[in-house]
Amino acid sequence: MHTASLTTPSTQPTRARRLGARAVLLVVAASAALAGCENLSTGQNTGVGAATGALAGAAIGAATGNKAGTGALVGAAIGAVAGNVWSRRMEEQRQAMERATAGTGVEVTRTENNELKLNVPSDVSFDTNRADIKPELRNVLDQFAQGLKSQPNTLVRVIGHTDSTGSDAVNNPLSERRAESVRSYLVDRGVAGSRIETAGRGSREPIASNATAEGKAKNRRVEIFLREPQQQG
């Protein structure tokens, strides 16, 4: 008589678990597809980010019953992370920056989400408690700006960092000024300011121990990211 009402609640968690498992599998499959595309030749991974985001969004949406747009929001976030293009121009910029920074200690790498990253240590970037750009960094930025002017679709993110010397009240604004110094230098050399975003991390993201002078020198740095977003439509 009341059999249906008694069995229905017990079947709902089972269905949710099945959908959740399906979502996980789809996201894993999408991530694997993206990873596979990393091995393609330069410029052939266009569209992978959007496809991955859409697939993951659909999977998560199914698992959550599309409540409050969860699937769409998460899918959009994943697509945004994966939706950069490693084009021939990006590869040429990477090679040019490697040549320009050879022997300086600047690390030039391609990140997992197809950004070109320059990690510029204090030997090249900034002295303790200072935000004015060293001559060594100017040479790097001149080459970087030249490449940017020939890549109008690329965007730049500059992150300033400090070592642990001083308090957050000092380090946070100092790291922001360091990032702004880089931005101003690039703008002065013809790069549109609208293409460059900046942020300061203070001493919150060390990459080495602050217990030694050598470690502090590594932490007192600026990171510059260049990305070419996938063009929609």
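A short reminder: the numbers here are calculations on the coordinates, not readings from a lab. Note that the coordinates shown come from a computational prediction; the quantities given were computed from them, not determined experimentally. Positions of Cβ are generated from backbone atoms using ideal geometry, with glycine treated the same way; all protein chains shown enter the neighbour counts.
Averaging over all projection directions, find the projected area of the Cα convex hull of segment 154-233 and quote it in nm² with one decimal place.
Dividing the Cα hull surface by four gives the mean projection, 6.3 nm².
Using a 7 Å offset from the Cα along the Cα-to-Cβ direction at both D188 and A169, what is the distance between the two label points in nm, to one decimal?
Output for this residue pair reads 3.1 nm.
Give the separation of the Cα centroids, segment 111-146 to segment 170-197, in Å.
11 Å
What is the antiparallel percent of DSSP beta bridges lying wholly in segment 88-227, to the nearest 5?
Around 75 percent antiparallel, to the nearest 5.
Across bins of 5 angstrom width beginning at 0, how are the C-alpha pair distances of segment 88-227 distributed, in whole percent?
Result, from short to long distances: 2, 11, 22, 24, 20, 13, 6, 2, 0 percent.
By the scheme Lys and Arg +1, Asp and Glu -1, what is the net charge of all other residues having a beta-carbon under 13 Å from that of D132?
+2
Peptides 142-150, 159-167: what's the order by average Cβ count within 10 Å, highest mean first?
Taking the mean over residues of other Cβ atoms within 10 Å, the ranking is 159-167, 142-150.
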